[in-house]
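The values are calculated or read from the model by the stated rules, or taken from the named source; none is laboratory data. Bear in mind the structure is a predicted one, so any value in this text is a computation, not a measurement. Every residue, glycine among them, receives a Cβ derived from its backbone with ideal geometry; neighbour counts consider all protein chains shown. To get the accessible areas, we keep the full protein, side chains included, count just its heavy atoms, and leave off ligands, DNA and RNA. Shrake-Rupley method; radii C 1.70, N 1.55, O 1.52, S 1.80 Å.
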Amino acid sequence: MKKQTGKFFIFLLFISFAATSQEKFTLSGYVKDVSNGEGLIGVTVYNPETKLGTQTNVYGFYSITLPSGSYNFSLSYIGYKPLSRKIDLNTNLVVNFELSEEGKTLNEVVITAKKEDDNVRNLEMSVNKVEMKTIRKMPALLGEVDVIRSIQFLPGVSSVGEGASGFNVRGGAIDQNLVLMDEAPVYNSSHLFGFFSVFNPDVVKDVKLIKGGIPATYGGRVSSILDVRMKEGNSKKAEFTGGLGTIFSRFAYERPFVKDKGSFIVALRRSYIDLLAKPFLNSDLKGSKFYFYDFTAKANYKIDNKNTVFLSGYFGRDVFGADFGFNWGNATTTFRWNHVFNDKLFLNTTVFYSNYDYSLDSDTKNENDQDSFEWKSNIVNYSIKPDFNYYINTKNTLSFGGQVIYYSFNPGKATAVSGGESQTIGLDGKYAVESAVYVGNEQKINEKVSLSYGLRYSDYHYLGKGNAVILDESGKPGERKSVKDVKTYGKGENIQTYGNLEPRFALNVGLNNSSSLKLSYNRLAQYIHLLSNTTASSPLDVWTPSSNNIKPQLSDQVALGYFKNFADNEYESSVEVYYKSLQNQIDYVRNADLLLNPYVEADLLSGQGRAYGAEFYIKKNKGVFNGWISYTLARTERKVEGLNNFEWFPSRIDKLHNLSAVLIYDPGKKWSFSGNFSFASGTPASFPTNKFEWQGVALPHNYYDERNNYRIPASHRLDLSATRKNKHALFGKGESEWVFSVYNIYNRRNPFSVYVRQNEDNPAITEAIRYSVFASVLPAVTYNFKF
């Protein structure tokens, strides 16, 4: 199988290098925003005479090669004024373009920033892009714009409930999404237990969610890629933006520091609900802490016409506690170097550091610190990743590169002091190295057919220093395994090795000027795992590497889609069906002990997964009314030996129906309005089927020992917002707006979970309790400004 895949890929790559004998020249350069110098992603550079074109990459770089001659080039990007220019291409040329926004205001609605028929013509399928300007217009929880909550209105995206941390894509668990902030992974994308995301909207430039047809450039997760790119900083002038909200405020400052060469942006957010609540807390709660903050910064410097460097960082933390301290947070640092070798070869080299950690401690200590408790855990990454783009000709763009990631896991270490005597308990650190090489090509066969194909090979090593547990696999399926032996390995010594070929393929067949059929396939491998057996993920969940007992997760997904535009591209629509097969999915024995357990691998089960469904999507791009409607019909199931008679059963994140609608009305005057509506089937849960009564106390019992045998009620919600645009911001300058929003306007008590308990007055009676995170209407007011 591997040899056949390799031969097929080499054959396609070989025929892509065919060239004519006519002399050709290359036009290359950057496309940027004229107002702030930001590179524009996905701008179409097109020549109507030859019907050939290209798009800018994530840094705004483009390259197009044509026979010698005089050409008219058009640049198009929704939300920006089109630009046309005649160029005599008799030698290799470097030409930089700048585009200006149409009707530029703080409140401009841009549903998508791309060529109007791009969704039909390009190779991407199972991909959603939402402009930050659109996200800002959507009603939000407590008026605070949120990237993670916004993408949950897209087809194929869901969560286990309101207030849940993270998101699920096409039946994948939250750890199966690779969340990137300027190419550095973010391991917990939420603040305040899932109410808000870590992405400050004032510094986000581009949001791209890839659910299928994932290019060979990406790897490491088996479900999706959420690629969030930060702004580079205004290179034209100083600019100050921010917002004063109901529970937190945010401020951002950007400006050039060397004219036409360098700029930076810094942004800060801090919640202040703890400060507002402090006067109303009684003496027992005076020391309570519940707030979060984050700091985001980025700078870039153009060394010369061929070299540009970028440095960005994120540092965020949540603090929560009363008689104890609980805090968690992410820290990332990314350094990138862009180098243009020539007019056809572009290199980006990324080096990043990522750290996610949490800690618990006793917040109250006696005078001599005789009694205390502290518990810490973290995961740290270091990585280097060179990526090359080689623009072979107008019909072929080759990408190739590699990546090396070093993982350091601290599963947990606790220090307890009692009566002045200290005792440390915990687990040894775990270490691993993941490396990959990849190559891919986008090829245009003719006017109607284009394809993309690639191959990625990932290699993984689980390393010492540490102990490897040898388990007895002969026990009863579904039960905790016994430990046969424990082997000790020295620092850097190899404990276990895995390797996987990951082919990628996508095909676009144009049916006419306004419709196309698309097909994609990808295989993905994931070598790290999140251990969690709770209803929703929490900051205390533990990341662990693949080992001699835990195999890497694998997924194979195929998707087929029909894409159609209407009314001169005013409307775009798509229908996609997909099937995803998952291997080596982690489940848990009954009463699994996941925290500070040196033999936690004995409590894990391994099984299969499958997810399949259909996604319907229609979006209106132009006019006073904008928005979209999405509907997903899907199933997510698992099959684990020892559970549910080794038959397929619904996964904890299974939702049969998921309907979302977003409507934005912006007449371009003082006021604009928007609304969100969502409906989703309830998720499965494990419930007792009968009960025993002993000495007047009811004891719930699941007779068939089945998991996820019940489904909680469906959820639905309507949110509304109104925005009033002001002539000026602070000090009579710039722009500003007031945003009035109402979350859950008809006061729906959506169930987050349902659980069974004994009646407090009569323990012989059991009762089901529905727990709701948001059980009331939540109004909010936010003031945004920019000057």
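If you count, for each residue, the other Cβ atoms within 10 Å and average over each peptide, how do 556-565, 411-420, 596-605 line up from highest to lowest? Please list the in-between numbers first.
Working: 556-565: 19.9, 411-420: 15.3, 596-605: 18.1.
Those peptides, ordered most packed to least, come out 556-565, 596-605, 411-420.
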### Query
222 nm [θ] for the chain, helices only, -39500 (n - 2.57) per DSSP H run of 4+, per residue, to 500?
-1000 deg cm²/dmol
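If I take every Cα pair under 8 Å that is 6 or more residues apart in the range 461-545, average their sequence separation and divide by the length, what percent do I get for the relative contact order?
Numbers: 113 pairs, mean separation 19.1, N = 85.
Relative contact order of the range 461-545: 22 percent.
Can you give the direction-averaged projected area of the convex hull of the alpha-carbon atoms in the range 140-229, in nm²? Let's see the in-between values first.
Values: hull surface 22.6 nm².
So the mean shadow area of the Cα hull is 5.7 nm².
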### Query
Any idea which of 409, 246, 466 is furthest toward the positive side of the dipole for the chain, if Lys and Arg beta-carbons carry +1 and Asp and Glu beta-carbons -1?
246
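Test of understanding: what is the full-extension gain from residue 486 to residue 776, defined as 0.36 nm times their sequence separation minus their Cα-Cα distance? Display every interim value, and only then the final one.
Numbers: separation 290, 0.36 × 290 = 104.40 nm, distance 5.30 nm.
Extra length from residue 486 to residue 776 when fully extended: 99.1 nm.
Going by average Cβ density within 10 Å per residue, which order do the peptides 166-174, 520-528 take, highest to lowest? Spell out each step's value before the answer.
Details: 166-174: 26.2, 520-528: 24.0.
Most protected by this proxy first, the peptides run 166-174, 520-528.
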### Message
I need to check one value: relative contact order of the chain, counting alpha carbon pairs closer than 8 Å and at least 6 residues apart, in percent.
### Response
10 percent
### Task
Starting from the alpha-carbon convex hull of the range 390-512, give the projected area averaged over all orientations, in nm².
15.1 nm²
### Query
Does the range 724-776 come out rounded, prolate or oblate by the C-alpha gyration tensor, with a ≥ b ≥ c the root eigenvalues, rounded set by a/c under 1.5 and, if not, prolate when a/b is larger than b/c and oblate if not?
prolate
### Query
Residue by residue, what Karplus-based ³J(HN,Hα) values in Hz, rounded to whole numbers, does the range 340-349 have, using 6.51, -1.76 and 1.60 with θ = phi - 60° and x for Gly and Pro?
9, 5, 7, 6, 10, 10, 10, 10, 10, 10
### Query
What angle do you read, to the nearest 10 degrees and between 0 and 90, between the alpha-carbon axis of helix 2-15 and the longest principal axis of the chain?
20 degrees
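Counting only protein heavy atoms, what percent of the accessible surface of the chain is carbon or sulfur at a 1.4 Å probe? The partial results should precede the final answer.
Values: 18970 of 33430 Å².
Carbon with sulfur: 57 percent of the solvent-accessible area.
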### Query
Once you put a point 7 Å from the Cα of residue 275 and another 7 Å from the Cα of residue 618, both along the Cβ direction, what distance in nm separates them?
4.8 nm
### Task
Calculate, for the chain, the solvent-accessible area per residue in square angstrom, rolling a 1.4 angstrom probe over the heavy atoms of the protein chains.
42 Å²
## Note on the structure
In the neighbourhood of residue 733 defined by beta carbon distances under 14 Å, the net charge of the other residues (Lys, Arg +1; Asp, Glu -1) is +1
## Note on the structure
Burial-style ranking of 155-161, 86-92, 546-552, average other-beta-carbon count within 10 Å with highest first, yields 155-161, 546-552, 86-92
### Message
To make sure I understand the rule: partners must be lysines, Cα under 22 Å from the Cα of residue 476, and not fewer than 8 residues away in the same chain. Which ones qualify?
### Response
484, 551, 639
### Task
Alpha carbons only, please: Rg and Dmax for the range 127-786, in angstrom.
25.9, 83
### Query
Where in the range 677-732 are there chymotrypsin sites (Phe, Trp or Tyr not before Pro) that are in a DSSP coil and have at most 16 other Cβ atoms within 10 angstrom of their Cβ?
703, 704
#### Entry: Under the Karplus curve 6.51 cos²θ - 1.76 cosθ + 1.60, θ = phi - 60°, whole-Hz ³J(HN,Hα) for the range 41-50, x wherever Gly or Pro sits
8, x, 6, 8, 10, 10, 10, x, 5, 8
